[in-house]
Structure formats: C-alpha cells, structure tokens
Amino acid sequence: MVITTLIVGFGYAAKTFHVPFLQAMDEFSIAGVVSSDPAKVQSVLPQARVFSALDEALASGEFDLVVITTPNHLHAQQAELSLRAGCHVLVEKPFTLSSDSALELVELAATLGKKLCVFHNRRFDGDFLTLRQLLSEQAVGQVKRLESRFDRFRPVPRKRWRENAGPGSGIFWDLGPHLLDQALQLFGMPDKVSATIGILRDGGEADDAFEVTLHYPGFTVLTGSSPFEAGPTLRFALQGTNGSYRKYHLDPQEDQLKAGVDFADTVWAQTPTAQHGVLYGDEGQQTVQTLAGGYTVFYQQLADALKPGSKAALPADASSVTDVIRLIEIARLASEQQQTLTVNAALN
C-alpha cells in the first residue's frame, strides 16, 4: 500500500523535516500540498497538486495521511478537519495550544478509528537515545540531576511568526515541547514545576528564553534555552551518585537535512567523534560514543503503523503527548506566578 499524502504548509518544517523522508520512502506518495505559493511547491514537487485551502484538498477525498506543518495556532483546527475527513494525521509540535483540545483530538481520533501522530522527532536524536541507554545501565548510579538544554546564538529578533507576538509563538512553544517530552519519556510526570519564561532580546515580541525545572522525588530535571549562547552548546549534563555524563553540541540530523545529506551516506545521523559525550567517575573518564539518530526510524514506524490492520505503534502517538501540553500550561502558570507549583494540584 502506498500512503497518499497531503502536506499542509510549505515552509521550513515541511521542506526540511518531512519532504526528504516522504520522497525517499516507497511507502509514501506526496500527492498534494496546501500552500499560497504554488511556484515554490512545484519547484520542489512538480508532481504534486497544489491547493489554496485545506478544506478544498480534503474535499477531493484523495488522501490517506495529512501532514500539518503550519503555524502552531492552526494545528488543532486543521488536525480536527483532517480526522473528520477520514485521514490519518501527522502534526508538527506543539500538538495543540491547550491540553483540553489535545484530549479532545485524541478522543476524536479513537472514535473515528484514525491514527494521530505528533512529530516529536527528537525522541530519535542520537544524544537522547544515548542518554536513555546510560540511564537504563545506571551508568551514573542513582540520578540526582539532569540538565537538558537547547541554546542558540540569535541575539537579534527576526520578523517571522515564531518570533512575533501571537498565540503559539515564542521559543517555549518551539523548543519547550521537545525538552519536556524527552523528560517525560525518561521519568514521567514530575511532582512540582518551577519556571521563568521571558524575553531577553532588545525589541523581542515573544518569549525567547526559558528555564523550567521539573522536581521529582530525590532529583531534578532542568530544561532551558537562551538566544545568547555563541559557544558549544551543552546538550545534556547528567549527575548521579556514581559519576556524571556531559554531552555538548546538538544532534547532527537537522543540519544534515538542510545540507541535503543522503540517507544512504555513511555519515547520516552519525555524531562526529569530537562531539561524543564523556562519562566521569572515581576511576577516571571515558568517551561514550553517541548512538546513531533515527529520524528515518520515525517515518518507518509511522509507515508501519498506517498499514491496514496494523497493530504497530506510532513513533509518537498523540495520546503520549497530552502530558507535554499540560506541563507547558503548568510551567507558564508557574512563571507568571513565580511560584513552584504542585502538578497534581495544578491539574485539578
């Protein structure tokens, strides 16, 4: 079965993170794109039919899968329309802008018998897979502290929807879902949350920095992002009773996608040797080879799950992402109140 696919939106996310995989895999066929710029689409996908609106595309009844890559505030509405039109859905993060709408969409998908997946591709970053393996091996003993960061050097705001004032804009809606989802994948919901989310850059309209601490029994997870990190990015710092692990630099797959690296190339998804992390303990230190990343695995798992009658799991089922949206809501409230909030109380 070939999965006839419609892409909604044709900006950076669509062209960088989705088109390369959809084109490379025999299981998918990009048959349509919803875009206001047909020329841009046809320069990349000359075979695809271009629609000016999602409802027009859905009315054609041509599609098995809808891939939503539009601005964040449109995700929930467009996912609902696509599900009701009888399509499976892959939606960019953030899945929705409220936990209520997230739960409603999960229920709708279940009722309609359709698959609803969220593009949490960073569950398949090589550094995260390595960290998860180290935790499973108890390489640092009992965990006491994990720092997870996604810093950049972007000291001047740019005029684009992600950085302009508006619903769903700002760095916390952009990178927060990734960092919080990874924490939830490792440890589940925390007991308490404290946060500072704000604007550091002159002339900034939307939040461009955040520091969110997740409090678990006996340990903490610190997540954060700054637009003023010009040096090597600290990605993970794991500390425990038997040692610590530090990993700098971001996973290479996004840069490789931008550079057009072929998936068959031996360097694809491989972290350069100089960027591997280091495990420290009483007996010295050792370099830990970073596992290969798996964005291709994400799409293969998606394809497997969409086969008729398949019981294969989605790579990021929407039901596993609702807690991410709730955690974002709690963190925003904690930042506004400048208080540490108890999760169970905030959920009620």
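The values are calculated or read from the model by the stated rules, or taken from the named source; none is laboratory data. None of these values were measured; they are calculated from a predicted model. Virtual Cβ from ideal backbone geometry, glycine too; neighbours counted across all protein chains shown. To get the accessible areas, we keep the full protein, side chains included, count just its heavy atoms, and leave off ligands, DNA and RNA. Shrake-Rupley method; radii C 1.70, N 1.55, O 1.52, S 1.80 Å.
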Give all pairs with beta carbons closer than 9 Å in which a residue from the range 31-43 that is over 12 Å from Val19 (Cβ atoms) meets a residue that is of a type in the set (Lys, Arg) and assigned to a strand (DSSP E or B); count only pairs at least 6 apart in sequence or on separate chains. Ala31/Arg49; Gly32/Arg49
Of all the residues that make up the range 196-216, how many are open to solvent by 10 Å² or more (accessible area, probe 1.4 Å) and either within 17 Å of the chain's Cα centre (by Cα) or closer than 24 Å to Thr342 by Cβ (or both)? 8
What are the residues in the range 37-75 that are part of a helix (DSSP H, G or I), charged (D, E, K, R) and under 21 Å from Trp161 (Cβ atoms), if any? Lys40
Taking first residues from the range 236-262 that are without any contact (Cβ under 8 Å) to a residue 40 or more places away in the chain and second residues anywhere that are surrounded by fewer than 16 Cβ atoms within 10 Å (Cβ to Cβ) and part of a strand (DSSP E or B), the pairs with Cβ under 7 Å that are 6 or more apart or on different chains are Arg246/Val278
Of the residues in the range 1-30, how many are free of Cβ contacts under 8 Å to residues at least 24 places away in the same chain and within 15 Å of Thr69 (Cα to Cα)? 1
Please determine whether any residue of the range 174-181 is on the phi > 0 side of the Ramachandran plot, open to solvent by 10 Å² or more (accessible area, probe 1.4 Å) and out of contact with any His (no Cβ under 8 Å at 6 or more places or on another chain). no
Considering residues that are open to solvent by 20 Å² or more (accessible area, probe 1.4 Å) and assigned to a strand (DSSP E or B), the number found within the range 217-239 is 6
Mind checking which residues of the range 80-128 are closer than 22 Å to Gly168 by Cα and part of a loop (DSSP other than H, G, I, E, B)? Lys93, Pro94, Phe95, Thr96, Leu97, Ser98, His120
Considering only the range 9-36, state which residues are under 27 Å from Asp262 (Cβ atoms), open to solvent by 20 Å² or more (accessible area, probe 1.4 Å) and either part of a loop (DSSP other than H, G, I, E, B) or among the small types (Gly, Ala, Ser) (or both). Gly11, Ala24, Met25, Asp26, Glu27, Ser29, Ala31
Conditions (1) polar (S, T, N, Q); (2) touching a Leu at 6+ places or on another chain (Cβ under 9 Å); (3) within 17 Å of Leu97 (Cβ to Cβ); number of the one not met by Gln301: (3)
Show me the helices (runs of 4 or more DSSP H) entirely contained within the range 268-348 in which 1 or more residues are among the aromatic types (Phe, Trp, Tyr) and in contact (Cβ under 8 Å) with a residue 40 or more places away in the chain. 295-305
Evaluate the range 250-272: report whether one residue or more is open to solvent by 80 Å² or more (accessible area, probe 1.4 Å) and touching a strand residue (DSSP E or B) at 6+ places or on another chain (Cβ under 9 Å). no
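Residues are listed down the side, and each one gets a yes or a no for (1) of a type in the set (A, V, I, L, M, F, W, C); (2) at pLDDT 95 or above; (3) in contact with a Gly (Cβ under 9 Å, 6 or more places away or on another chain):
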| residue | (1), (2), (3) |
| --- | --- |
| Gln286 | no, yes, no |
| Tyr295 | no, yes, no |
| Tyr299 | no, yes, no |
| Ala303 | yes, yes, no |
| Ala312 | yes, yes, no |
| Asp323 | no, yes, yes |
| Arg326 | no, yes, no |
| Ala334 | yes, yes, no |
Of all residues being open to solvent by less than 70 Å² (accessible area, probe 1.4 Å) and within 19 Å of the chain's Cα centre (by Cα) in the range 157-173, which is farthest from Arg326 (Cα to Cα)? Just the residue, please. Glu163
